[in-house]
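Trainee: Here you go, one structure.
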Amino acid sequence: IEPGEIPFKPTGFMALDEHLGGLPKVGQVLVAAASATGKSTFMVGLASCYAKTHADETVAIFTLEMTKEEIALRFKDINKLHDDVKSRILINDGILTPEEVVSKAATIEHLGLVCVDFADLLIKGETTESAMAHIYRTFMLGSKQLGVPIVLLAQLNRGYSGGIPRPTDVRYTGLAEALSWVVLMLYNPSKDWFAEENSENTGLPIVEGTAYILAWKIRGGFRKHLDDSPGAIQLQFRGDRGWRLDSP
């Protein structure tokens, strides 16, 4: 066995590649945010960039929130893709368990990336801490089994009241943070202004047409910022177009 770190792969999403080195070859990538902060458009943009960058790999999207047609429309609005790239982005909108997601992904040839939208909808019945822990554990192990990163979108706790979101704001954070290789959070301060007046949880400016990707964790340390984290990555963002993909 040759010792070494898990390599990171470029995604084509310039901000992620520039500041994080891309995504780990294997590992759960947690992307959390409040509602209406661009989680789905982030996923669509990432999937598009990855499929264009890795011409011999397939991207699988499992969407429990939207239909296949809705996701396809997001791709059309956000990114103009050639037919070859479209053919390598597979979308499944079935109501599945975490185990079924991993099982179906295992049947896909040349799989490079899996995206799941979103964690809470994988639960059949009451949303409890043990149910959420099962999801995080299944995808952590599933990523290792499949040999690809799994990007899992997640909501914040109901107690979140605005301001810069921390990992502690992720629903049932304990295992979410512990079992994720990467923890990213999306933040649009123009939507959370109501909590800034009386909170110490402030510090990011409101700039029209922009939002932030907050890089909270990479297991083993950040590859591009060796002395500290990249912190808040400010990018152009529009509700109808999503995140700017070609800007660092």
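The values are calculated or read from the model by the stated rules, or taken from the named source; none is laboratory data. Every value quoted in this text rests on a predicted model; they were computed, and no experiment measured them. Using ideal geometry, Cβ is built from the backbone for each residue, glycine included, and neighbour counts are taken over all protein chains shown. Quick note on the areas: whole protein, heavy atoms, side chains included, nothing else; ligands and nucleic acids left out. Shrake-Rupley method; radii C 1.70, N 1.55, O 1.52, S 1.80 Å.
Trainee: Checking residue 172 against (1) out of contact with any His (no Cβ under 8 Å at 6 or more places or on another chain); (2) at negative phi: exactly one of these is not met. Which one?
Mentor: Here residue 172 meets the rest and fails (2).
Trainee: Does any residue of region 116-135 turn out to be within 16 Å of residue 171 (Cα to Cα), in contact with a helix residue (DSSP H, G or I) (Cβ under 6 Å, 6 or more places away or on another chain) and of a type in the set (Phe, Trp, Tyr)?
Mentor: Within region 116-135, not a single residue is within 16 Å of residue 171 (Cα to Cα), in contact with a helix residue (DSSP H, G or I) (Cβ under 6 Å, 6 or more places away or on another chain) and of a type in the set (Phe, Trp, Tyr).
Trainee: Another question, if that's okay. For region 105-133: of the residues being more than 20 Å from residue 44 (Cα to Cα) and modelled with pLDDT of 90 or more, which is nearest to the chain's Cα centre (by Cα)?
Mentor: Filtering region 105-133 for residues more than 20 Å from residue 44 (Cα to Cα) gives 106-107, 109, 123-133.
Add one more test, that the residue is modelled with pLDDT of 90 or more, and what stays is 106-107, 109.
Working: 106: 20, 107: 22, 109: 22 Å.
Only one residue tops the list, namely 106.
Trainee: So which pairs qualify, if the first residue must be in region 97-115 and open to solvent by 80 Å² or more (accessible area, probe 1.4 Å), the second must be in a helix (DSSP H, G or I), the Cβ gap must be under 9 Å, and the two must be at least 6 apart or on different chains?
Mentor: 99/138; 99/142
Trainee: I've got another one for you. Contact list please: Cβ distance under 8 Å, first residue in region 152-176 and open to solvent by less than 40 Å² (accessible area, probe 1.4 Å), second residue modelled with pLDDT under 85 and outside any loop (DSSP other than H, G, I, E, B), pairs at least six apart or on different chains.
Mentor: Listed by first residue and then by second, the contacts come to 154/120; 155/120; 162/193; 162/194; 162/195; 163/195; 167/173.
Trainee: Hey, can you tell me all the residues within region 1-49 that are among the β-branched types (Val, Ile, Thr) and within 27 Å of residue 86 (Cβ to Cβ)?
Mentor: As a first pass, look at region 1-49 and keep what is among the β-branched types (Val, Ile, Thr): 1, 6, 11, 26, 29, 31, 37, 41, 44.
Scanning region 1-49 gives 11, 26, 29, 31, 37, 41, 44.
Trainee: Kindly indicate the residue of region 235-248 that is among the small types (Gly, Ala, Ser) and either surrounded by 16 or more Cβ atoms within 10 Å (Cβ to Cβ) or under 17 Å from residue 34 (Cα atoms) (or both) and also modelled with the highest pLDDT among those meeting that condition.
Mentor: Looking at residues that are among the small types (Gly, Ala, Ser) and either surrounded by 16 or more Cβ atoms within 10 Å (Cβ to Cβ) or under 17 Å from residue 34 (Cα atoms) (or both), I get 242.
Trainee: Give region 194-234 a look and list any residue that's at pLDDT below 85, open to solvent by 40 Å² or more (accessible area, probe 1.4 Å) and aromatic (Phe, Trp, Tyr), or say none.
Mentor: Listed by number, the list holds a single entry, 194.
Trainee: Do we have residue 146 as in contact (Cβ under 8 Å) with a residue 40 or more places away in the chain and under 17 Å from the mean Cα position of the chain (by Cα) here?
Mentor: no
Trainee: Out of the strands (runs of 3 or more DSSP E) lying entirely within region 1-95, which hold 2 or more residues that are buried (at least 23 other Cβ atoms within 10 Å of the Cβ)?
Mentor: Hits in region 1-95: 27-32, 58-63.
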